[in-house]
Amino acid sequence: MRDTERLYAEFRQKAEAVSAQVYRAGTGDEAGILVGNLLAGLGSKKIVISHAGISRQAKLEQVLTDMGLEVHSAKLRLQAPLADAGISQVEMAVAETGSLIGDASNVEDRLVSTLPLVHIALVSTGGLKATLAEALVALREGGVPGQINFITGPSRTSDIERVLTIGVHGPEKLIIVFVDQEGQGNG
Amino acid sequence: MAERDFRQQIQHVLENQVLRKALGSFGESYTEAREKAYAGYDFEQLRGEVARIKAYAAEHMAEMAQQFTAAATARGAKVYHAKTGDEAKQYILDLAERCGVKNIVKSKSMATEEIGLNEALLRKGIDVQETDLGEWILQLAHQRPSHMVMPAIHMTREQVADVFTENLGEKNEPDIAALVKTARKELRSKFLAADMGISGANIAVAETGTLVMLTNEGNGRLTATLPRVHVFLVGLEKFAAKFEDILPILQTLPRSATAQQITSYVSMITGPTPAYINELETGPKEFHIVLLDNGRSAMYADRKFKQALQCIRCGSCLNVCPAYQLLGGHVYGHIYTGGIGTILTAFTQGLEASGEIQNLCLQCGKCAEVCPGELDIPAMILELRNRIGQQKGLPYIQKIALGVVSNRRLFHSLLKIAAKAQKPFAAGRMIRHLPLFTANLTGGMNLPAIADVPLRDSIAKINQAVSEPKGRAALFAGCLIDFCYPEIGESVVKVLNSKGVVVEFPDAQSCCGAPANYMGDRGNAVKLAKQNIEAFAASGAEYIVSACPTCTHMLAHEFVELLKDNPAWADKAKRFAAKVTDFSQLVHALGGIQAGKGENFRTTYHDSCHLKRSLGVFREPRQLLVSAGAELVEMKESDRCCGFAGSYSVKFPEISAPILERKLKNIAESGAENVCMDCPGCLMQISRGLNAQGIQIKAKHTAQILAERLADPGGGEETTQSSSTWD
């Protein structure tokens with residue numbers, strides 16, 4: 001466990017250094033409330049979710065709907081371009097670089113994580129890896145999926161006068177929520 | 001391009017203050033940021049791995065292509081092998097037509113620009129949008145990228161705002177955040193409407209058929225997500241054999257390119273994934289990979305250039321290049337810019353296309369030092385220079401001059417006449433023009449006067465009172481020390497004598513051949529290599545020592561290279577080279593010198609390109625200076641070229657001058673009273689600059705400082721050392 005704490009601290013430091021926001025919740029239910037409050041704070045109204053373990057288990061769609069948000073989780077090609085925020089889950093978080101790694105073979109996953117201005121990524125704390133090397137081994141062992149995405153901070157450019165500007169084609173906010181007890185698949 | 005147009009273009013960009021400022025500030029901040037990004041990583045080890053991975057893939061290019069094709073095909077991709085740019089274009093055009101494509105979005109791909117894909121698609125009436133912000137700006141402005149990673153680095157926010165205003169029918173203010181928002185809005189509608197995406201890849205993994213793409217803006221991900229047809233154009237140099245080979249490239253590419261630990265996004269794509277074929281239904285994506293040769297396999301077949309395939313296109317060679325930092329990318333004339341661009345242009349556009357631009361390389365070697373693929377870019381450029389020299393012949397004046405230099409007797413007697421004839425033109429230790437044949441080569445700059453008595457004549461008069469000789473060294477003076485700075489040679493003798501080494505001077509020695517070698521005249525370089533090896537053949541000295549690092553580099557490395565295919569000379573060259581050593585390196589190896597007479601003094605040290613990067617000597621002279629009583633204060637960018645670079649300062653005085661200016665600024669800001677160095681060429685350039693700007697800092701060769709500081713001057717020879725600075 002102490003190892004996890006060390007990795008979490010390192011991840012957080014690296015991710016924050018590239019303008020990501022990092023939160024942590026004990027359970028899926030807590031994560032649901034946390035996400036709801038974050039979205040309310042941002043003034044988001046329309047949300048798209050690509051469901052996976054954590055959001056399903058925490059009944060995230062219901063929680064957010066109950067809070068008065070408009071939530072979509074299917075046929076996202078129509079909804080994602082109009083949404084204020086997208087929620088997806090990733091499999092790994094790499095402490096070395098503050099990167100998230102997810103199997104993004106599912107097109108809905110990619111839509112919610114690229115089109116809206118805010119991307120909330122849920123990840124099991126057990127998915128923390130120390131290094132990119134470890135993460136690549138894990139990816140290879142699982143049989144390389146059709147599309148893997150590494151996400152490190154929000155979308156950025158320095159193409160005009162080399163001035164760093166956040167939020168070009170992808171999200172301008174990346175919010176990462178670690179969940180300690182996912183309930184399943186928590187290796 | 002005709003030489004005159006080329007010169008005009010250089011003049012034009014040098015006068016562009018916007019570009020100068022943008023490139024200058026980038027060059028300064030990059031070095032530091034890069035170093036920070038690599039903190040905690042062993043760059044040498046990482047680049048060793050990258051070079052090994054890329055060299056293996058290049059060596060097995062056909063096998064890689066076959067494996068990749070099999071693996072990607074098994075995952076549902078359609079793979080096409082294009083020998084030429086035209087084949088690749090035709091394939092993509094046919095595909096677009098077959099799929100009824102009207103609108104294309106592109107994420108960054110140098111290869112598509114290499115083959116002119118956009119133009120071909122536009123001619124067919126298909127709309128093509130670049131989506132990388134920099135590339136999109138250039139597309140709207142009808143300009144070419146000036147940098148591989150930061151394509152629009154030459155433009156200001158005001159210029160970008162004007163381009164947007166003109167093209168988008170709406171007034172845009174020069175506010176970067178607002179301009180980026182505009183781009184997001186405009187391009188978002190293009191992404192949503194696109195029916196085909198075209199991408200480039202950074203890595204193609206042969207064993208899994210995976211394409212790896214590094215981006216920051218998110219355009220790469222959108223291109224891979226929204227359109228129902230997706231095409232990758234991938235150069236054959238992108239292969240890596242194994243999935244785990246991704247790691248070292250992932251660890252070096254972003255750090256070297258933009259000093260990032262990692263880019264915002266890394267996508268690894270293996271075969272097609274589902275896409276929305278309309279707004280409501282998903283289905284399998286039409287997914288194609290075009291593997292592009294277009295000169296790449298010819299590059300591999302050429303043993304002098306195969307290492308160019310180890311390039312991972314990070315652009316760090318541009319970021320540290322003194323010439324690129326002044327000129328930007330447009331003078332390079334084609335899509336690939338800078339040193340590596342010159343090489344790629346020669347192979348993708350033909351040797352002729354690199355004819356002028358290869359001359360822009362100073363041969364300072366800084367790019368090779370930072371290259372994550374371990375490419376020896378300067379050596380490859382030199383090879384291009386030689387081939388062009390052989391094919392086209394050198395300009396008349398250069399040819400005559402090099403012919404004279406490689407005829408020892410003629411050259412030396414002309415120099416002696418020149419020493420007398422220059423008298424009316426000399427002012428102090430500088431003259432305005434060298435008389436006779438060299439006048440045309442000076443470009444109107446001050447050159448050091450030719451000494452009344454060359455070292456070859458004065459050295460015999462030195463009383464080498466070495467009581468217990470411990471060894472013998474044969475001195476290779478080189479033209480500058482022999483004819484312009486004999487006092488440096490005399491200092492070398494004095495210091496070596498103090499270490500118990502007797503110095504001899506083989507009279508038949510001549511020019512080291514560097515001017516011929518660096519101007520692309522291999523014939524004369526070979527001739528001089530043989531002459532000099534012969535000249536030293538009779539000497540039984542343990543060391544062949546030189547106080548000019550360019551000469552030392554020639555003697556120790558290039559002679560072997562020039563003669564390696566000549567059975568009668570190859571071994572001789574190797575035996576000769578094994579004895580060659582740099583002056584500071586030798587004195588250091590012999591135990592250095594003790595602090596002697598005189599006050600301590602503040603000195604800064606300038607690393608000469610060949611000494612540091614070819615000979616690996618940079619600690620030794622510093623330690624010698626400190627033990628001789630110097631308080632060493634490091635200047636900024638101590639190993640940045642001074643702009644002399646042999647004949648470069650004569651060929652391109654307009655580029656050499658601002659490079660020197662930056663060096664002088666760094667020297668002045670160090671607060672030292674001396675600037676010390678080990679190269680007479682640098683000494684000539686830097687003392688000339690200090691002199692012209694009235695900066696009260698003395699430039700000296702390490703040998704001179706050591707000779708001045710020797711505890712025991714040993715006989716009344718001090719007077720020969722006194723005129724050691726030029727003012």
If we take segment B:406-509, then helices (runs of 4 or more DSSP H) inside it with 1 or more residues that are at pLDDT 95 or above and either of a type outside the set (A, V, I, L, M) or within 23 Å of B:ALA707 (Cα to Cα) (or both) are B:486-498
Assess whether A:THR157 counts as being in contact (Cβ under 8 Å) with a residue 12 or more places away in the chain and either among the polar types (S, T, N, Q) or at the interface with chain B (Cβ under 7 Å from one of its Cβ atoms) (or both). no
Can you confirm whether segment B:55-75 contains a residue that is under 28 Å from B:PRO254 (Cα atoms) and hydroxyl-bearing (Ser, Thr, Tyr)? yes
Filtering segment B:185-196 for residues that are surrounded by fewer than 22 Cβ atoms within 10 Å (Cβ to Cβ) and at the interface with chain A (Cβ under 10 Å from one of its Cβ atoms) leaves a count of 3
Over segment B:273-285, the set of residues surrounded by fewer than 24 Cβ atoms within 10 Å (Cβ to Cβ), more than 7 Å from chain A (Cβ to nearest Cβ) and either assigned to a strand (DSSP E or B) or not β-branched (Val, Ile, Thr) (or both) is B:ASN278, B:GLU281, B:GLY283, B:PRO284
If you go through B:GLU217, B:GLU173, B:GLU158, the only one that is among the charged types (D, E, K, R), in contact (Cβ under 8 Å) with a residue 12 or more places away in the chain and part of a helix (DSSP H, G or I) is B:GLU158
Exactly one of B:SER267, B:SER199 is touching a strand residue (DSSP E or B) at 6+ places or on another chain (Cβ under 8 Å), more than 10 Å from chain A (Cβ to nearest Cβ) and of a type in the set (S, T, N, Q), and that residue is B:SER199
Selection from segment A:161-187 of residues modelled with pLDDT under 90 and within 9 Å of chain B (Cβ to nearest Cβ) yields A:GLU161, A:ARG162, A:VAL163
Take A:ALA74 and tell me if it is hydrophobic (A, V, I, L, M, F, W, C), within 14 Å of chain B (Cβ to nearest Cβ), part of a loop (DSSP other than H, G, I, E, B) and out of contact with any helix residue (DSSP H, G or I) (no Cβ under 7 Å at 6 or more places or on another chain). yes
Looking across segment A:129-146 at residues that are touching a helix residue (DSSP H, G or I) at 6+ places or on another chain (Cβ under 7 Å) and buried (at least 21 other Cβ atoms within 10 Å of the Cβ), the single one that is farthest from the other protein chains (Cβ to nearest Cβ) is A:LYS129
Those residues of segment B:225-244 which are within 10 Å of chain A (Cβ to nearest Cβ) and surrounded by fewer than 24 Cβ atoms within 10 Å (Cβ to Cβ) amount to B:LYS242, B:PHE243, B:GLU244
Taking segment A:52-66 and keeping residues surrounded by fewer than 23 Cβ atoms within 10 Å (Cβ to Cβ) and free of Cβ contacts under 8 Å to residues at least 40 places away in the same chain leaves A:ARG56, A:LYS59, A:GLU61, A:GLN62, A:VAL63, A:THR65, A:ASP66
Per the list (1) free of Cβ contacts under 8 Å to residues at least 60 places away in the same chain; (2) surrounded by fewer than 23 Cβ atoms within 10 Å (Cβ to Cβ), residue check on B:ALA152 breaks on (2)
Inset, instruction - Would you confirm whether any residue within segment B:196-205 is in contact with a Gly (Cβ under 7 Å, 6 or more places away or on another chain) and of a type in the set (Ser, Thr, Tyr)? - result: yes
Note: among B:VAL466, B:VAL453, B:VAL493, just one is touching a helix residue (DSSP H, G or I) at 6+ places or on another chain (Cβ under 9 Å), under 26 Å from B:GLN531 (Cβ atoms) and surrounded by 17 or more Cβ atoms within 10 Å (Cβ to Cβ), namely B:VAL493
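Would you be able to say whether some residue in segment B:510-532 is among the acidic types (Asp, Glu) and closer than 24 Å to B:LEU586 by Cβ?
Checked segment B:510-532: no residue is among the acidic types (Asp, Glu) and closer than 24 Å to B:LEU586 by Cβ.
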Checked segment A:104-122 for anything surrounded by fewer than 24 Cβ atoms within 10 Å (Cβ to Cβ) and either aromatic (Phe, Trp, Tyr) or within 23 Å of A:GLU30 (Cβ to Cβ) (or both); matches are A:VAL118, A:ALA121
Note: among B:THR165, B:THR208, B:THR182, just one is over 23 Å from A:SER155 (Cβ atoms), more than 9 Å from every other protein chain (Cβ to nearest Cβ) and not charged (D, E, K, R), namely B:THR165
Expected single match for part of a helix (DSSP H, G or I), β-branched (Val, Ile, Thr) and within 24 Å of B:GLN310 (Cα to Cα) among B:ILE400, B:ILE381 is B:ILE381
The correct count of residues that are within 11 Å of chain A (Cβ to nearest Cβ) and either loosely packed, with under 15 Cβ neighbours inside 10 Å or touching a residue at least 60 places away in the same chain (Cβ under 8 Å) (or both) in segment B:132-149 is 5
Wholly inside segment B:558-657, strands (runs of 3 or more DSSP E) that include 3 or more residues that are buried (at least 21 other Cβ atoms within 10 Å of the Cβ) and not assigned by TED's automatic domain parsing to the domain that holds B:SER687 are B:580-582
Those residues of segment B:351-374 which are out of contact with any Lys or Arg (no Cβ under 8 Å at 6 or more places or on another chain) and charged (D, E, K, R) amount to B:GLU352, B:GLU356
ask   = What do you reckon, is A:ILE101 in contact (Cβ under 8 Å) with a residue 24 or more places away in the chain, in a strand (DSSP E or B) and crowded, with 18+ Cβ neighbours inside 10 Å?
value = yes
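The rows are residues; the columns are (1) part of a helix (DSSP H, G or I); (2) of a type in the set (Val, Ile, Thr).
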position: A:THR65; (1), (2): yes, yes
position: A:GLY68; (1), (2): no, no
position: A:GLN89; (1), (2): no, no
position: A:SER113; (1), (2): yes, no
position: A:GLY126; (1), (2): yes, no
position: A:LEU136; (1), (2): yes, no
*Has segment B:580-595 got any residue that is of a type outside the set (Val, Ile, Thr) and in contact with a strand residue (DSSP E or B) (Cβ under 6 Å, 6 or more places away or on another chain)?*
yes
Just wondering, is there one or more residues in segment A:110-123 that are within 10 Å of chain B (Cβ to nearest Cβ), free of Cβ contacts under 8 Å to residues at least 40 places away in the same chain, touching a Phe, Trp or Tyr at 6+ places or on another chain (Cβ under 7 Å) and of a type outside the set (S, T, N, Q)?
no
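Among the residues of segment B:110-140, write down those that are hydrophobic (A, V, I, L, M, F, W, C) and part of a helix (DSSP H, G or I).
The answer is B:MET110, B:ALA111, B:ILE115, B:LEU117, B:ALA120, B:LEU121, B:LEU122, B:LEU133, B:TRP136, B:ILE137, B:LEU138, B:LEU140.
The values are calculated or read from the model by the stated rules, or taken from the named source; none is laboratory data. Computed from a predicted model, the values in this text were never measured in an experiment. Every residue, glycine among them, receives a Cβ derived from its backbone with ideal geometry; neighbour counts consider all protein chains shown.
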